[in-house]
Amino acid sequence: MPSPRPHSRRTFVQSLASASLILPGMLHELMAETVSPLAPGVAANPLAPKAPMFPAKAKRVIFLYMSGGVSHVDTFDPKPKLQASHGQPYQEDFLHASPWKFNRYAKCGTEVSELFPNVGAMMDDICVIRSMRNDIPNHTQAVLQIHGGSAVEPRPSIGSWVSYGLGTVNQELPSYMVLAPEVPYGGATCWDSAFLPACHQGIRVIPGQEAIPNMTRQSSLELQEMDLGLINFFNQRNLTEHDGDKTLAARIKTFETAAGMQKEAPDVFDISKESDATLALYGITRDTKKGFGWQCLIARRLSERGVRFVELIDTGSDKYSNWDAHLDIKMHGPRAKAVDKPIAGLLQDLKSRGMLEDTLVVWTTEFGRKPGDSAPNEAGRTHQSKVYSSWLAGAGIKGGITYGASDDFGYDVGDKPCDIHDFQATILYQMGMDHKKLTYRHAGRDYRLTDVSGNVIKEILA
């Protein structure tokens, strides 16, 4: 008995022809397409890797977003005068000292709250920006601004802009992935591509038993590839007939990426082969499937497989469990404990693999929290957009330094203000893109992430 012929796209097409399921003209096109898949006039792959505008320090970004508004004066911005003036009146408020001490960490001696001892130990690799500011102290608007550059309307997320500008190395995985156990303020607009082609939208991964729905293939790989081959033939022919429509090309690429994820994603999310030492860095075990430690490890695994932009979101919009410490600032305690070791572990892991040299790690939140309150005995802190802290590490960022400063009590910028658009412009610059030239034509005007402002912060670049 002869052995069965192996499945291939060509044998699949031939079997269709023998069964008279395709017309002769179509058969000719299909057989030719197996040799030359991209016909003249077909739009180029919108996710194909693109060269940066100029030599880049960073090949990829890991964006750590803390949902709710982290208090700067309790984490990365020590205020001795605030500590000494607890309970005293100031600007129609009563000042409230931090319940946590600040210590000097690493060789550089950067002061960090005792909430973040592990991140503090990595300060030689970190630049803390203590003069961040945004426009509106409301969650939704502030979240839209830190992600999309506008507090007025949803616009493409920074991850979508990076994907649009540079494409992605691994065509089997999305260029922009979001590891989010919960939906933050602003919802899915945080990772939406808005008016950019849909293939640049962030793909949300929900930590748990099945991080991505339908990740497991329902049929054999060979049969699925044959199905996809036939579908691709019709897609490409339709694309040619529509003069290489970019929107259609993006839609086709989105479905191709979804199919590719069934090949790559199971391996990405399988941490069973990681060493005990690596797992210990993140504070997790081999059977861990959720938590910020898991998110950080998966971010490294996605990054080393060519995903261009990975965002990690800590918690969502529930003020009882996120960083929105209206009720009691001491709620920062368990939140910091959940992320401190994993973040430090991520930095150590990237550094040991030589990846920190070309991976830009960003830590931010939507705004800070007010150092005082109208009530003298208030336990929590309200929103503060005039000044707060963020930090950058890796990929040509000067480590062991601080940039800018808030005033003596942490109410406003005291030196070297860093606007949201400055922050975004600097991230794009490290990726080899000029934020003024990375534009997209929409509704009669050229849009960009930084709107009509923004300056690269050259002082923090190595």
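The values are calculated or read from the model by the stated rules, or taken from the named source; none is laboratory data. Quick caveat, the model's predicted, so the values are computed rather than measured. Here the Cβ is made from the backbone with ideal geometry for all residues, glycine too, and neighbour counts use every protein chain on show. Only protein heavy atoms, including side chains, enter the accessible area calculation; ligands, DNA and RNA are left aside. Shrake-Rupley method; radii C 1.70, N 1.55, O 1.52, S 1.80 Å.
When segment 53-64 is limited to residues that are part of a loop (DSSP other than H, G, I, E, B) and among the hydrophobic types (A, V, I, L, M, F, W, C), the one that is nearest to Lys436 (Cα to Cα) turns out to be Met53.
For every residue, the table says whether it meets (1) open to solvent by 60 Å² or more (accessible area, probe 1.4 Å); (2) closer than 22 Å to Ile401 by Cβ; (3) not in a loop (DSSP other than H, G, I, E, B).
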site	(1), (2), (3)
Val128	no, yes, yes
Ser131	no, yes, yes
Val143	no, no, yes
Ser150	no, no, no
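Of all residues in segment 272-316, those satisfying the criterion of being of a type in the set (Asp, Glu), crowded, with 17+ Cβ neighbours inside 10 Å and under 21 Å from the mean Cα position of the chain (by Cα) are Glu311, Asp314.
Among the strands (runs of 3 or more DSSP E) confined wholly to segment 348-444, which include 2 or more residues that are within 19 Å of Val119 (Cα to Cα)?
Values: elements: 359-365, 388-393, 401-403, 413-415, 440-442.
Those strands (runs of 3 or more DSSP E) span 359-365, 388-393, 401-403.
Has segment 423-432 got at least one residue that is closer than 17 Å to Gly368 by Cα and crowded, with 20+ Cβ neighbours inside 10 Å? Yes, some residue in segment 423-432 is closer than 17 Å to Gly368 by Cα and crowded, with 20+ Cβ neighbours inside 10 Å. Output the residues belonging to segment 272-285 that are closer than 19 Å to Gly208 by Cβ and at pLDDT below 95. Answer for segment 272-285, where residues must be closer than 19 Å to Gly208 by Cβ and at pLDDT below 95: just Ser272.
Okay, residues lined up against (1) open to solvent by 10 Å² or more (accessible area, probe 1.4 Å); (2) of a type in the set (D, E, K, R); (3) in contact (Cβ under 8 Å) with a residue 60 or more places away in the chain; (4) assigned to a loop (DSSP other than H, G, I, E, B):
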| position | (1), (2), (3), (4) |
| --- | --- |
| Glu153 | yes, yes, no, yes |
| Pro156 | no, no, yes, yes |
| Tyr164 | yes, no, yes, no |
| Val169 | yes, no, yes, yes |
| Met177 | no, no, yes, no |
| Ala188 | yes, no, no, no |
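Looking across segment 74-93, the residues that are part of a strand (DSSP E or B) and surrounded by fewer than 18 Cβ atoms within 10 Å (Cβ to Cβ) come down to Pro89, Tyr90. Cβ-Cβ contacts under 6 Å between residues 6 or more apart (or on different chains), taken from a first residue in segment 431-453 that is modelled with pLDDT of 95 or more and among the hydrophobic types (A, V, I, L, M, F, W, C) to a second residue that is outside any loop (DSSP other than H, G, I, E, B) and open to solvent by 10 Å² or more (accessible area, probe 1.4 Å), are listed as Met433/Gly165; Leu438/Gly165. Being within 23 Å of Pro99 (Cβ to Cβ) and surrounded by 24 or more Cβ atoms within 10 Å (Cβ to Cβ) is the requirement here; does Glu366 meet it? Yes: the conditions hold for Glu366. Scanning segment 336-355 for any residue that is of a type in the set (S, T, N, Q), within 21 Å of Gly120 (Cα to Cα), at pLDDT 95 or above and open to solvent by less than 10 Å² (accessible area, probe 1.4 Å) turns up nothing.
Inspect segment 65-73 for any residue being touching a residue at least 40 places away in the same chain (Cβ under 8 Å), assigned to a strand (DSSP E or B), more than 10 Å from Gly372 (Cβ to Cβ) and open to solvent by less than 10 Å² (accessible area, probe 1.4 Å) and give the result as yes or no. Among the residues of segment 65-73, at least one is touching a residue at least 40 places away in the same chain (Cβ under 8 Å), assigned to a strand (DSSP E or B), more than 10 Å from Gly372 (Cβ to Cβ) and open to solvent by less than 10 Å² (accessible area, probe 1.4 Å), which makes the answer yes.
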